[in-house]
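A short write-up of the structure that comes next.
The values are calculated or read from the model by the stated rules, or taken from the named source; none is laboratory data. Everything quoted here is computed from the prediction, not taken from an experiment. Glycine gets a Cβ as well: all are built from the backbone with ideal geometry, and neighbour counts include every protein chain shown. These accessible areas exclude ligands, DNA and RNA; they are computed on the full protein's heavy atoms, side chains included. Shrake-Rupley method; radii C 1.70, N 1.55, O 1.52, S 1.80 Å.
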Amino acid sequence: MSLILDRRLFLTLASAGAGAVALSACGGPTTTTGSVATTAADIDFSGVKPAASIDFWSNHPGKSQDVEKSIIDKFHAKYPDIKVNLVTAGANYEEIAQKFQTAQAAKSGLPSLVVLSDVWWFRYYLNESIIPLDSLVEQLGVKLADFRASLVDDYKYAGKQWALPYGRSTPLFYYNRDHFAAAGLPDRAPKTWQEFAGWAPKLKAASGAQYAFMHPALAGYAGWTLQNNLWGEGGSWSKDWDITCDSAESVAALQAAQDSVYKDGWAGVSSKESADDFAAGLASATLSSTGSLIGILKSASFNVGVGFLPGGSKAETGVCPTGGAGLGIPSGVTKEEQLAAAMFLQFMTEPENTAAFSAATGYMPTRMSADMATVLAKTPQIKTAMDQLAVTHVQDNARVFLPGADQEMAKAAAKILTQQGDVQATMTELKATLERIYTKDVQPRLKA
């Protein structure tokens, strides 16, 4: 079955068809107190007084709880009539998403502002669980033009803005500079995975580390970081809506990843967090989020190097996906809460605060006007992440637009990388699963 559909045409169709239907019904469930937003097209906050208290649900990406608290304290100083309650709603994006879905089903206990990961926000759009921010952006004078375009545009859909970027990241290639020097290797990231495969035996022999490379933990990273391997070999999870994970190019890329673990033996697979494994010296290199940068620098007892993601035999550049999370406002809370949440959201993403968040975590500064001079003087490695943003690649539709696809990709990667499963058979099975998700959960809503 072919699911080919040009992404721009898809967005246009959604805007004119199902998107228009969804927008006309985007008020969310009725709440028991206060005035409730009606439709996406009709949300008007003029004359609304912001709520006195709101709950902000976060999983504290990049170990950001302290800097979140600091920004909240500054917000309280500026807006003493609005109290922001910081709620730890999960240890990761999956947990916070599950808690939010439970609250949606119960129609109670919803937050006023919630962290939305790259693979969850579109599901919330489809389920009419979040509101478009356009009227709030206009009323509050949020300077969208100052946001980095590739980050803010990720949340534009059907002609509206559904979230603002928050803990935004790309994967980085982290390497142990001491190990590289001992092996006589250049002080840089490899240009391709083929080049690194040639380096790996030297690293294992000279470093004393268990592995030359540690593949990221599959549960949270497989669907994201493996796009790098796939794109470098001309493969992908999907091309627009055509599921291509079983193509010859995709299978070759994943076969090489499996060979690094079993046939060649220079790579391991992290059971929990590859950044921690790398910082502990178990591997000479790994891929991890830019949001892991500060934690790695604090934990590692060696000289840490960072670089762009390696390419492959078909493409050496344009092989790095964007990722991370944004902040959205639920549809099922009162207008008063939505307005207060938007005021805090605006404050959180001000240039000064995005610079502080970046300094504390390593995540991207989302505002172009953010003064990063002090941050970069202290942590120059962040500039590598900022520079790599110019050569990032839009993520495959299959990962970010198909509900539950990321988990299915992780299961398939586990079969390949931890159970030595047959790559072609596993990808053929994954393709069937992804096509079922599209047919059942996405296509009907696009045609409604």
Here is a list of conditions, (1) among the aliphatic types (A, V, I, L, M); (2) over 30 Å from ASP264 (Cβ atoms); (3) open to solvent by less than 50 Å² (accessible area, probe 1.4 Å), and ALA373 meets all of them except one; can you say which number that is? (3)
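Table: residues versus (1) among the small types (Gly, Ala, Ser); (2) open to solvent by 30 Å² or more (accessible area, probe 1.4 Å); (3) in the same structural domain as LEU434 (by TED's automatic domain parsing).
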{"site": "LEU218", "(1), (2), (3)": "no, no, yes"}
{"site": "LEU230", "(1), (2), (3)": "no, no, yes"}
{"site": "SER238", "(1), (2), (3)": "yes, no, yes"}
{"site": "TRP241", "(1), (2), (3)": "no, no, yes"}
{"site": "ASP246", "(1), (2), (3)": "no, yes, yes"}
{"site": "GLN258", "(1), (2), (3)": "no, no, yes"}
{"site": "TYR262", "(1), (2), (3)": "no, yes, yes"}
{"site": "GLY265", "(1), (2), (3)": "yes, no, yes"}
With the structure loaded, tell me whether ASP276 is surrounded by fewer than 21 Cβ atoms within 10 Å (Cβ to Cβ), acidic (Asp, Glu) and in contact (Cβ under 8 Å) with a residue 40 or more places away in the chain or whether it fails that test. no
I'm trying to understand the selection: among the residues of segment 126-159, which are under 28 Å from ALA390 (Cβ atoms), assigned to a helix (DSSP H, G or I) and either open to solvent by 10 Å² or more (accessible area, probe 1.4 Å) or of a type in the set (Gly, Ala, Ser) (or both)? ASP134, VAL137, LEU144, ALA145, ASP146, ALA149, SER150, ASP153, ASP154
Could you check, for segment 206-219, whether at least one of its residues is over 19 Å from GLY265 (Cβ atoms) and in contact (Cβ under 8 Å) with a residue 12 or more places away in the chain? yes
Would you confirm whether any residue within segment 328-344 is in contact with a strand residue (DSSP E or B) (Cβ under 8 Å, 6 or more places away or on another chain), under 30 Å from TRP193 (Cβ atoms) and open to solvent by 10 Å² or more (accessible area, probe 1.4 Å)? no
Could you tell me whether any residue of segment 193-213 is within 20 Å of PRO321 (Cβ to Cβ), open to solvent by less than 50 Å² (accessible area, probe 1.4 Å) and in a helix (DSSP H, G or I)? yes
Exactly one of these conditions fails for GLU352: (1) surrounded by 18 or more Cβ atoms within 10 Å (Cβ to Cβ); (2) of a type outside the set (Lys, Arg); (3) assigned by TED's automatic domain parsing to the domain that holds TYR79; (4) modelled with pLDDT of 95 or more. Give me its number. (1)
Just one of the numbered conditions (1) surrounded by fewer than 20 Cβ atoms within 10 Å (Cβ to Cβ); (2) of a type in the set (Ser, Thr, Tyr); (3) modelled with pLDDT of 95 or more is not true of SER284; which one? (1)
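Conditions tested, residue by residue: (1) modelled with pLDDT under 95; (2) of a type in the set (Lys, Arg); (3) open to solvent by 50 Å² or more (accessible area, probe 1.4 Å); (4) not assigned by TED's automatic domain parsing to the domain that holds MET364.
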residue	(1), (2), (3), (4)
LEU389	yes, no, no, yes
PRO403	yes, no, no, yes
MET409	no, no, no, yes
ALA412	no, no, no, yes
GLN420	no, no, yes, yes
VAL423	no, no, no, yes
MET427	no, no, no, yes
LEU434	no, no, no, yes
Which count do you get for residues in segment 303-317 that are in a strand (DSSP E or B) and not β-branched (Val, Ile, Thr)? 3
GLY90 - would you say it is small (Gly, Ala, Ser) and exposed (fewer than 15 other Cβ atoms within 10 Å of the Cβ)? no
Within segment 96-114, is there a residue that is surrounded by fewer than 22 Cβ atoms within 10 Å (Cβ to Cβ) and more than 20 Å from VAL333 (Cβ to Cβ)? no
Within segment 184-199, can you find the residues that are among the small types (Gly, Ala, Ser) and either modelled with pLDDT under 95 or closer than 17 Å to VAL306 by Cα (or both)? ALA189
Of the residues in segment 287-318, those that are open to solvent by 30 Å² or more (accessible area, probe 1.4 Å) and touching a strand residue (DSSP E or B) at 6+ places or on another chain (Cβ under 8 Å) come to LEU297, PHE302, ASN303, PHE308, SER313, GLU316, THR317
Counting just the residues of segment 286-302 that are touching a Ser or Thr at 6+ places or on another chain (Cβ under 9 Å) and outside any helix (DSSP H, G or I), which one comes out farthest from ARG177 (Cα to Cα)? SER289
Looking at the structure I just gave you, is GLY235 at pLDDT below 95 and not in a strand (DSSP E or B)? no
